[in-house]
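Structure first, then comments.
The values are calculated or read from the model by the stated rules, or taken from the named source; none is laboratory data. Just so it is clear, the structure is predicted and the values come from calculations on it, not from any experiment. Please note: Cβ atoms are built from the backbone with ideal geometry, for glycine as well, and neighbour counts cover all protein chains shown. These area figures cover heavy atoms from the full protein model, side chains too; ligands, DNA and RNA do not enter into them. Shrake-Rupley method; radii C 1.70, N 1.55, O 1.52, S 1.80 Å.
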Amino acid sequence: MSKSINSASAIIFDMDGLVLDTESTYCIAWQKASTEMGQSFTEQFCMSMSGLHYQDVEKRLIEACGKTFDLKQFTTLSGEYWREYVAQYGIPVKKGFFNLLSVIQSRNTPFCLATNSRKLNALECLCLAGLEDVFQQIITRDDVDRGKPEPDIFLAAAQTMATPITECLILEDSNPGIQAAVSSGAKSVYIPSVLPASLTAVESADFFADDLDKVIAIIA
């Protein structure tokens, strides 16, 4: 694994768990909803779904709770609890993001956001975190046929920035995201949002960093 990269023409940010600490807010909402429905989701179980597309999340829920588990009710309840929580506390921005953003902007390096979230949800989260004006280019699950771990979202992001994917550096916090980055042909940095870090992601990514501050040295 290399220590730095000098050839990145553009930077692609994931959102959940990478730019925004949404994972913890989802976990709180999911736990409250599960309790109301007679289940008991541990923090570990909730965080294990980090980076997954909602269809894969639903599969995990059915596997854990049985085929009779009411996904529609769970989605409604967890959504209500989530909005109640973020309306009061907002969504935290991950450590080092603003420092890294400053460096990228000072170099006039193109950057964009590429997320497995639906566009409406992504825009809502960015607004709640006070980042609604930061990303001029945003690629979401609505823009592609397949979500991560397939590479479609990152390929679309590169195309949007008119940059070859092989010249892009992707910043990801989850194993599905890193697998998508590898499949796309881009270089990638794994900054885990859930510990212990995924060994598969560590071995697959080109770089590893504890937080976004450490990415500055990688792109130096």
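As a test question: what accessible area, to the nearest 10 Å², does residue 41 have when a 1.4 Å probe is rolled over all protein chains in place?
Surface accessible to solvent at residue 41 totals approximately 20 Å².
Just to confirm my understanding: which cysteines in the chain have no other cysteine beta carbon less than 4.7 Å from their beta carbon?
Within the chain, the cysteines lacking a partner Cβ under 4.7 Å are 65, 112, 125, 127, 168.
Taking a 1.4 Å probe, which of 190, 89, 54, 26 shows the most accessible area, and what order do the others take after it?
Details: 190 5, 89 140, 54 100, 26 50 Å².
Output order, biggest surface exposure first: 89, 54, 26, 190.
Answer rounded, prolate or oblate for the stretch 44-118, using the Cα gyration tensor with square roots of eigenvalues a ≥ b ≥ c: rounded when a/c is under 1.5, else prolate when a/b is larger than b/c, else oblate. List each step's numbers first, then the result.
Details: a/c = 3.10, a/b = 2.06, b/c = 1.51.
It comes out prolate by the Cα gyration axes.
For residue 89 and residue 166, FRET efficiency with R0 = 41 Å and r from the beta-carbon atoms, rounded to 0.05? Could the numbers behind the result be given before it?
Numbers: r = 40 Å, r/R0 = 0.98.
The pair residue 166/residue 89 has a calculated efficiency of 0.55.
For the chain, with every protein chain kept in place, what is the accessible area per residue (1.4 Å probe, Å²)? Walk me through the numbers on the way to the answer.
On the way: 10680 Å² over 220 residues.
On a per-residue basis, 49 Å².
At 1.4 Å probe size, with no ligands or nucleic acids counted, give the accessible surface of residue 146 in Å², nearest ten.
Residue 146 exposes around 110 Å² with every protein chain in place.
Give the percent of DSSP beta bridges with both residues in the chain that are antiparallel, rounded to the nearest 5. It would help to have the intermediate numbers written out before the result.
Working: 1 of 17 bridges.
Taking every DSSP beta bridge within the chain, about 5 percent pair in antiparallel fashion.
Under 13 Å from the Cβ of residue 124, count the other residues' Cβ atoms, weight Lys and Arg +1, Asp and Glu -1, and hand me the total. Let's see the in-between values first.
Numbers: positive: 83, 118, 119; negative: 16, 132.
After counting each charged neighbour, the total is +1.
What full-extension length gain, to one decimal in nm, is calculated for residue 99 and residue 59 as 0.36 nm per residue of separation minus the Cα-Cα distance?
10.7 nm
If 56, 142 are ordered by their accessible area, calculated over protein heavy atoms with a 1.4 Å probe, which sequence runs from highest to lowest?
Working: 56 50, 142 80 Å².
Highest to lowest solvent-accessible surface, that is 142, 56.
Which of the pairs 32/67; 59/94; 72/119; 187/214 have their Cα atoms more than 23 Å apart in this structure? If you can, show how the numbers build up before the last one.
Values: 32/67 20 Å; 59/94 28 Å; 72/119 20 Å; 187/214 16 Å.
Among 32/67; 59/94; 72/119; 187/214, the Cα-Cα distance tops 23 Å for 59/94.
If every alpha-carbon in the chain counts as one equal scatterer, what log10 I(q)/I(0) does Debye give at q = 0.07, 0.14 1/Å?
Values returned for q = 0.07, 0.14 Å⁻¹ are -0.21, -0.83.
Name the shape class, rounded, prolate or oblate, that the alpha-carbon gyration tensor gives for the stretch 119-204, where a ≥ b ≥ c are the square roots of its eigenvalues, rounded holds for a/c under 1.5, and otherwise prolate holds if a/b is larger than b/c and oblate otherwise. Walk me through the numbers on the way to the answer.
Details: a/c = 1.79, a/b = 1.21, b/c = 1.48.
Note, shape of the stretch 119-204 comes out oblate.
Working with all protein chains in place, sort 70, 173, 133 by solvent-accessible area computed with a 1.4 Å probe, largest first. Numbers along the way, then the final one.
Working: 70 70, 173 5, 133 125 Å².
Sorted descending by solvent-accessible area, the residues read 133, 70, 173.
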